[in-house]
1. Take region 175-200 and flag every residue that is loosely packed, with under 15 Cβ neighbours inside 10 Å and touching a strand residue (DSSP E or B) at 6+ places or on another chain (Cβ under 6 Å).
2. Look through 104, 68, 93, 59 and report the one residue that is modelled with pLDDT of 90 or more, part of a loop (DSSP other than H, G, I, E, B) and either assigned by TED's automatic domain parsing to the domain that holds residue 9 or touching a helix residue (DSSP H, G or I) at 6+ places or on another chain (Cβ under 9 Å) (or both).
3. Please go through region 142-174 and pick out each residue that is surrounded by 14 or more Cβ atoms within 10 Å (Cβ to Cβ), in contact with a helix residue (DSSP H, G or I) (Cβ under 9 Å, 6 or more places away or on another chain) and assigned to a helix (DSSP H, G or I).
4. Could you look through region 107-156, keep only residues that are without any contact (Cβ under 8 Å) to a residue 12 or more places away in the chain and assigned by TED's automatic domain parsing to the domain that holds residue 187, and pick out the one that is nearest to residue 24 (Cα to Cα)?
5. In region 18-26, is there at least one residue being more than 18 Å from residue 128 (Cβ to Cβ), touching a helix residue (DSSP H, G or I) at 6+ places or on another chain (Cβ under 9 Å) and either surrounded by fewer than 20 Cβ atoms within 10 Å (Cβ to Cβ) or modelled with pLDDT of 90 or more (or both)?
6. Can you find a residue that is buried (at least 21 other Cβ atoms within 10 Å of the Cβ), in contact with a strand residue (DSSP E or B) (Cβ under 6 Å, 6 or more places away or on another chain) and not in a loop (DSSP other than H, G, I, E, B) anywhere in region 73-82?
7. Within region 74-88, is there a residue that is in contact (Cβ under 8 Å) with a residue 40 or more places away in the chain and within 19 Å of residue 28 (Cα to Cα)?
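The values are calculated or read from the model by the stated rules, or taken from the named source; none is laboratory data. Given the structure is predicted, the values throughout are model-derived calculations rather than measurements. Here the Cβ positions follow ideal geometry from the backbone for every residue, glycine too, while neighbour counts run over all protein chains shown.
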């Protein structure tokens, strides 16, 4: 749950190799559904293309549960895997790459295809501007009304937020905190409340 780079915006690169045109598109996509939606959008924008090969890392760069790739009719292993290999090598998360190929009538061979699909993504990644994403951790916290201002003040200092609050006899808060500040927040909370208040992790 460490901070990781994500694309700040989309990038597109186009090149011609032996009369085939390869258009590489990169986009920020959080979660597999967003990745699939971007792939479909690219298909809709390039209906006349022969192939729409793609790969995505839809979560943190080291999360192997959120990977996907497709050769979309190219010989097995010549498109989706080289695209995914470039994405994984970049260390960037929440990213999808689609390489659109307009076939020019000259076959490239398996080695030529691997190079073409891989190099398009490599070039696009060089142009990509990234931002840093800090994952959020969720906790519950029970406090008295008198302690609420203290909690809100601490949240403001650490860029945390109240996701949900139940205001009954006492206050039950559902909090989201950047993982980088959880330790500091917890310590300050204990110190200021003299050990009365403590964060309880929400099981994901």
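1. Those that are loosely packed, with under 15 Cβ neighbours inside 10 Å and touching a strand residue (DSSP E or B) at 6+ places or on another chain (Cβ under 6 Å): 179, 200.
2. 93
3. Result: 147, 150, 151, 154, 155, 158.
4. By that ranking, first place goes to 156.
5. The answer is yes, given that some residue of region 18-26 is more than 18 Å from residue 128 (Cβ to Cβ), touching a helix residue (DSSP H, G or I) at 6+ places or on another chain (Cβ under 9 Å) and either surrounded by fewer than 20 Cβ atoms within 10 Å (Cβ to Cβ) or modelled with pLDDT of 90 or more (or both).
6. Yes, there is a match, as at least one residue in region 73-82 is buried (at least 21 other Cβ atoms within 10 Å of the Cβ), in contact with a strand residue (DSSP E or B) (Cβ under 6 Å, 6 or more places away or on another chain) and not in a loop (DSSP other than H, G, I, E, B).
7. No, region 74-88 contains no residue that is in contact (Cβ under 8 Å) with a residue 40 or more places away in the chain and within 19 Å of residue 28 (Cα to Cα).
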